[in-house]
Amino acid sequence: MADLLRVEHLRKSYTSGRPWGRKPPPALNDVSVSVARGRTLGLVGESGSGKSTLGRCILGLTRPDSGAVIFDGVEVQALSGRALADFRRRVQPVFQDPFGSLDPRWSAGRSVRESLDCFGIGAPADRERRVLDLFDRVGLNPALAGRLPTHLSGGQRQRVGIAAALASEPELIIADEPVSALDMSVQAQILNLLMDLQKDLGVASVFISHDLGVVEHVSDEIAVMYRGEIVETGDTETVMTSPRHDYTRTLLAAIPRPRSSAPRRPPCPQPT
Amino acid sequence: MSVILSLDNVGVRFNTAGAAQPAPAVDGVSLQVHRGEIFGIVGESGSGKSTLANAVMDLLPANAAVSGSIRINDREVVGLDDEALRSMRGDEVSMIFQDPTASLDPTWPVGDQIAETIRAHYPVTARQAKARAIALMGEVGIADAAARYGDVPHRFSGGQRQRIVIAAALANNPQLLVADEPTTALDVTIQAQVLQLIDKLRRDHGTTVLLITHDLGVVSMICDRVGVMYGGKLLETATTEALFANPAHPYTRALFAANPAGAPRGARLPVIPAEWSVESLREAELLRAAIGAANG
Ligand SMILES: Nc1ncnc2c1ncn2[C@@H]1O[C@H](COP(=O)(O)OP(=O)(O)O)[C@@H](O)[C@H]1O
Ligand SMILES: Nc1ncnc2c1ncn2[C@@H]1O[C@H](COP(=O)(O)OP(=O)(O)O)[C@@H](O)[C@H]1O
Ligand SMILES: [Mg+2]
Ligand SMILES: [Mg+2]
């Protein structure tokens with residue numbers, strides 16, 4: 001099956017801001033990944049490794065210096081006009097805290113409605129009902145439709161963000177740290193929702209997180225980023241059980257893993 | 001085993017101007033921390049962990065009312081006067097926070113900041129303080145400590161900055177170190193190193209650590225015993241082994257189940273029932289705010 005998304009040899013350097021400063025290392029250095037239809041690619045790495053830059057390049061929000069993003073067989077950088085609008089409809093972002101992406105003056109319902117209007121989804125008369133369907137889809141109480149983002153909890157805001165992303169019936173979601181700001185109990189609910197979307201709607205996603213424990217849970221494949229490069233990629237099982245790269249092994253060893261048999265240190269010596 | 005910190009029925013209420021009194025931030029917490037152990041307090045956001053830590057350190061704002069008893073080395077802290085507190089804080093207890101940047105003056109060499117802390121508590125010469133500061137920087141794992149003494153904070157990485165903050169907190173050989181989410185802002189690989197450092201310090205010096213975290217993984221890596229908080233209450237206290245093998249409280253069990261790192265790959269994660277959900281705890285408050293905004 002042809003890949004839905006192919007990223008080929010992306011390079012991106014940011015200028016350092018200070019002309020006399022040392023040139024920072026590239027944020028992306030020859031990065032290639034691919035995502036098949038309906039599959040989830042987990043992108044993991046420490047902060048500053050280039051995950052968000054890659055996500056933004058795929059979304060067309062950041063221009064790479066060289067290389068190509070190919071969505072459904074077409075190079076994204078070459079798109080304009082209708083084709084570009086169509087690409088934006090088919091590829092949607094979900095961010096860490098949708099506080100940033102939701103307009104603070106708009107109610108939750110309006111944010112989702114704007115998404116429908118923007119992409120011209122459904123007949124205008126039908127859109128109120130669609131908003132409620134989307135609320136239902138992401139597990140939001142319709143009574144919250146009138147609330148402003150500041151009067152929603154973190155988990156509720158993330159559901160609104162996901163509903164707004166789903167409004168355009170995307171084929172690919174780029175989720176950048178979508179659960180990192182959430183409490184553990186809320187994180188579980190949002191992860192369930194994202195897994196349901198993959199199962200029920202067949203949406204593919206690039207799931208970006210610094211947390212390998214979370215990435216492992218939701219991903220079919222994993223790509224490990226380190227200092228702007230993909231140092232390892234493979235299906236989740238293989239990467240988790242037989243990592244080839246040293247950095248992946250460090251990441252695996254450092255992952256705090258609550259287990260019923262927590263690895264114990266020798267008992268602490270009692271001071272005299 | 002001797003007890004260094006003893007809490008008996010501790011409650012903290014924040015008095016807010018006007019309107020309804022919110023539920024207490026800390027409610028009826030009793031626990032005992034033994035000398036030389038690492039005691040974890042784990043809970044989701046808003047459960048009262050930081051408020052409890054700040055009550056132990058007497059760092060709460062003026063609108064907080066503390067009830068019950070907090071004893072450090074058998075001395076009551078609640079209601080202690082400022083003078084007595086100041087001497088105790090330096091000599092017996094120290095605290096470190098999540099954000100090392102906020103604990104350091106950005107314009108000042110880090111070595112001088114540590115030396116200053118030393119001189120505030122011990123009658124030593126500037127030269128002796130500097131030597132001790134360099135030794136402490138070495139002890140917390142800053143390579144080439146003497147050469148880095150004069151560097152300002154931004155020349156260090158986040159993990160190194162937290163090490164410097166730990167060095168400053170150790171300047172007076174505290175018996176009790178209160179650490180509020182000390183590794184939450186760090187990458188996992190760095191987090192593991194800082195936790196190892198904290199463990200090494202308690203081994204070398206017998207320092208008791210009260211470690212506040214939202215992360216069960218951190219608990220499993222370093223704590224001897226742990227207390228679980230929800231809605232200001234301490235739900236259960238157990239050794240780390242016992243808690244992980246056999247969590248007693250339904251909330252603790254639900255929290256473990258919600259952790260993807262322990263669950264079969266791709267499986268739906270069991271959802272915490274509404275009566276133990278932090279979101280439903282907050283819902284009343286959010287609804288009040290939403291109605292207030294709509295009316296005014
Ligand atoms: N807009 C920007 N301007 C300059 N540098 C940037 C910008 N965005 C990211 N960077 C730098 O690029 C590198 C990769 O950052 P990022 O993609 O945000 O990594 P991650 O998401 O993995 O934390 C970092 O060194 C970061 O400082
Ligand atoms: N200075 C304050 N004034 C009023 N309420 C506060 C203050 N600090 C904390 N709270 C409230 O106390 C509760 C517990 O907060 P906190 O101790 O910070 O929890 P945690 O550290 O577990 O996230 C929360 O409901 C919070 O809103
Ligand atoms: Mg990022
Ligand atoms: Mg806190």
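The values are calculated or read from the model by the stated rules, or taken from the named source; none is laboratory data. Given the structure is predicted, the values throughout are model-derived calculations rather than measurements. Counting neighbours? That spans all protein chains shown, and the Cβs are built from the backbone with ideal geometry, glycine included. Ligands, DNA and RNA are stripped out before the accessible areas are found, and what is left, the full protein with its side chains, is counted by its heavy atoms. Shrake-Rupley method; radii C 1.70, N 1.55, O 1.52, S 1.80 Å.
Selection of the stretch A:135-153 for residues being within 8 Å of chain B (Cβ to nearest Cβ), surrounded by 21 or more Cβ atoms within 10 Å (Cβ to Cβ) and of a type outside the set (A, V, I, L, M) yields A:R147, A:H151, A:S153. Residue count for the stretch A:195-211 satisfying the condition of being free of Cβ contacts under 8 Å to residues at least 60 places away in the same chain, under 13 Å from A:E171 (Cα atoms) and within 11 Å of another protein chain (Cβ to nearest Cβ): 1. Answer yes or no: is there a residue in the stretch B:199-220 that is over 22 Å from B:L59 (Cα atoms), surrounded by fewer than 21 Cβ atoms within 10 Å (Cβ to Cβ), under 15 Å from the mean Cα position of the chain (by Cα) and away from ligand 2 (no atom under 16 Å from the Cβ). Yes, the stretch B:199-220 contains at least one residue that is over 22 Å from B:L59 (Cα atoms), surrounded by fewer than 21 Cβ atoms within 10 Å (Cβ to Cβ), under 15 Å from the mean Cα position of the chain (by Cα) and away from ligand 2 (no atom under 16 Å from the Cβ).
Checking the condition more than 13 Å from ligand 1 (Cβ to nearest atom), open to solvent by 40 Å² or more (accessible area, probe 1.4 Å) and modelled with pLDDT of 95 or more, which residue from A:D72, A:D97, A:D65 passes? The conditions single out A:D72. Taken over the stretch B:21-50, the criterion of being of a type in the set (G, A, S) and touching a helix residue (DSSP H, G or I) at 6+ places or on another chain (Cβ under 8 Å) is satisfied by B:A25, B:G36, B:G40, B:G43, B:S45, B:G46, B:S47. Here A:S32 clears all of (1) out of contact with any Pro (no Cβ under 9 Å at 6 or more places or on another chain); (2) under 30 Å from A:P149 (Cβ atoms); (3) touching a residue at least 24 places away in the same chain (Cβ under 8 Å) except the condition numbered (2). Scanning the stretch B:165-198 for residues being at pLDDT 90 or above, within 16 Å of ligand 2 (Cβ to nearest atom) and open to solvent by 30 Å² or more (accessible area, probe 1.4 Å) gives a total of 1.
Right, B:L255: facing another protein chain (nearest Cβ under 7 Å), assigned to a loop (DSSP other than H, G, I, E, B) and hydrophobic (A, V, I, L, M, F, W, C) or not? For B:L255, the condition - facing another protein chain (nearest Cβ under 7 Å), assigned to a loop (DSSP other than H, G, I, E, B) and hydrophobic (A, V, I, L, M, F, W, C) - is not met.
Residues checked against (1) among the aromatic types (F, W, Y); (2) on the phi > 0 side of the Ramachandran plot; (3) more than 20 Å from the chain's Cα centre (by Cα):
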| site | (1), (2), (3) |
| --- | --- |
| A:A36 | no, no, no |
| A:R39 | no, no, no |
| A:L61 | no, no, no |
| A:S66 | no, no, yes |
| A:G73 | no, yes, yes |
| A:Q92 | no, no, no |
| A:L116 | no, no, yes |
| A:D126 | no, no, yes |
| A:P142 | no, no, yes |
